[in-house]
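Asks: What follows is a structure written as structure tokens; I'll ask about it next.
Only the coordinates and a few stated rules stand behind these numbers; no lab work does. Note that the structure is a prediction, hence the values are computed from the model and not measured. No Cβ is skipped: glycine too gets one built from the backbone with ideal geometry, and neighbour counts run over all protein chains shown.
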Amino acid sequence: MTLPEMSAIRSDREVEAIMEMSEKQIEALGFTEHSRRHSGIVSKWSGEVLRALGKSEERIRLAEIAGYLHDIGNCVNRKDHAQSGAILA
């Protein structure tokens, strides 16, 4: 399996639309810091942890992608957003 670069994930129109919907939903519920910035931080830290553990570049990239997309299920509902996000991803 060949994983896309993070730049491709971040610039994907569908991902961008889902991220925007998620941000709006989360803001409407009164949550803070569940934005693209939050996703970017989680992505970066995920990669850094795996890099420090000596994992492969493919595994690191997969962690970065998962970190970036981890909250996309919020566009459906905050409750069970992990399951919704898995389906969307």
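Asks: Could you give the size of the charge dipole of region 6-88 about its Cα centre, using +1 on the Cβ of each K and R and -1 on the Cβ of each D and E, expressed in debye and rounded to the nearest 20?
Replies: With only Lys, Arg, Asp and Glu charged at Cβ, the dipole is about 180 debye.
Asks: If the label point is 7 Å along Cα→Cβ of Met21, which residues in region 50-89 have backbone nitrogen under 17 Å from it?
Replies: What the label zone holds, given the 17 Å backbone N cut-off, is 69-89.
Asks: Let me ask something else. So what are the ³J(HN,Hα) numbers for region 68-82, from phi and the Karplus equation (6.51, -1.76, 1.60; θ = phi - 60°), rounded to whole Hz, Gly and Pro as x?
Replies: Result, ordered by residue: 5, 8, 4, 10, 5, x, 5, 5, 8, 5, 5, 5, 6, 5, 5 Hz.
Asks: With a 10 Å Cβ neighbour count serving as the proxy for reagent exposure, in which order, fewest first, do His34, His81 appear? Intermediate values should be presented prior to the final figure.
Replies: Values: His34 18, His81 21.
With the sparsest Cβ surroundings first, the list reads His34, His81.
Asks: Per residue of region 13-28, in order, report the coupling 6.51 cos²θ - 1.76 cosθ + 1.60 (Karplus, θ = phi - 60°) as ³J(HN,Hα) in whole Hz, putting x for Gly and Pro.
Replies: These are the phi-based 3J(HN,Hα) values: 4, 5, 4, 4, 5, 5, 4, 5, 4, 4, 4, 5, 4, 5, 5, 4 Hz.
Asks: Right, next: Hey, if you put +1 on the Cβ of every Lys and Arg and -1 on every Asp and Glu Cβ in the chain, which of Leu29, Val49, Ala8 ends up farthest toward the positive end of that dipole?
Replies: Result: Val49, furthest along the dipole toward the positive end.
Asks: Take the alpha-carbon positions of the chain, form their convex hull, and give its projected area averaged over all directions (one quarter of the hull surface) in nm². Don't skip to the end; give the middle numbers.
Replies: On the way: hull surface 23.0 nm².
Averaged projected hull area, Cα only: 5.8 nm².
Asks: With just the Cα atoms defining each centre, how far is region 12-32 from region 56-89? Give it in Å.
Replies: 13 Å
Asks: Which order results if Met21, Met1, Met6 are arranged by neighbouring Cβ count within 10 Å, fewest first? Numbers along the way, then the final one.
Replies: Details: Met21 14, Met1 4, Met6 17.
Ordered by Cβ neighbours within 10 Å, fewest first: Met1, Met21, Met6.
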